[in-house]
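These notes are about the structure you will find just below.
Only the coordinates and a few stated rules stand behind these numbers; no lab work does. This structure is a prediction, so every number in the text was calculated from the model and none was measured. Cβ: placed from backbone, ideal geometry, glycine included. Neighbour counts: every protein chain shown.
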Amino acid sequence: MINDDQLTTEQFNICRLKATEPAFTGKYVDCKEDGIYHCICCDTPLFDSQTKYDSGSGWPSFWQALENYVAENIDNSHGMRRVEIVCRQCSAHLGHVFTDGIEPTGLRYCVNSASLFLRDRS
Ligand SMILES: [Zn+2]
């Protein structure tokens with residue numbers, strides 16, 4: 001686990017202050033490499049690359065989170081009712097989950113690249 005002072009400013013602003021990276025700027029938006037996406041803060045596995053898809057939104061999108069590792073909170077900020085997703089282990093803000101995703105779940109986990117790092121499956 002890394003400490004908050006080891007995060008970049010961007011990572012800190014997103015994971016701890018719930019900022020959102022600008023669309024189409026994150027390093028994993030178009031990433032198609034195989035592996036497991038882990039929490040940048042605590043290394044918890046969060047998403048499998050096999051559930052990543054191109055949503056056109058400008059953020060990495062997944063139709064499923066790894067079971068039990070991603071928690072949800074109701075987020076009423078910015079005049080919207082959204083469901084925030086956070087790392088269950090360290091509460092890092094990841095993004096939001098929407099119901100306009102693809103089958104088989106119909107969900108779209110919309111995640112900031114800065115909250116993730118991709119690691120080989122092993
Ligand atoms: Zn975490």
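Result for the chain in a Gaussian network model with C-alpha springs under 10 Å: among Glu84, Glu33, Glu103, the largest mean-square fluctuation is at Glu103. Ranked by how many other Cβ atoms sit within 10 Å of their own Cβ, fewest first, the residues Thr9, Thr51 fall in the order Thr9, Thr51.
Over the C-alpha trace of region 73-122, radius of gyration and Dmax come out as 12.6, 42 angstrom. For Ser55, the residues whose modelled amide H falls within less than 5 Å of its own, excluding neighbours fewer than 5 places apart on the same chain, are Ser61.
Here the scattering of the chain is modelled by Debye summation over its C-alpha atoms, one equal scatterer each and no solvent; at q = 0.13, 0.18, 0.20 Å⁻¹ the log10 of I(q)/I(0) is -0.45, -0.90, -1.14.
For Glu10, Glu72, the sequence from fewest to most other C-beta atoms within 10 Å is Glu72, Glu10. Just to confirm my numbers, what's the Cα centroid distance between region 39-65 and region 78-102 in Å? Each part's Cα centre sits 12 Å from the other's. Only Cα pairs under 8 Å and 6+ residues apart enter the sum, and on that basis the relative contact order of region 1-118 stands at 28 percent. Taken one residue at a time, the phi angles of region 12-26 give Karplus couplings (6.51, -1.76, 1.60, θ = phi - 60°) of 5, 4, 7, 6, 9, 10, 6, 6, 10, 6, x, 4, 6, 10, x Hz. Gly and Pro are set to x. Sorting His78, His96 from the fewest to the most surrounding beta carbons within 10 angstrom yields His78, His96.
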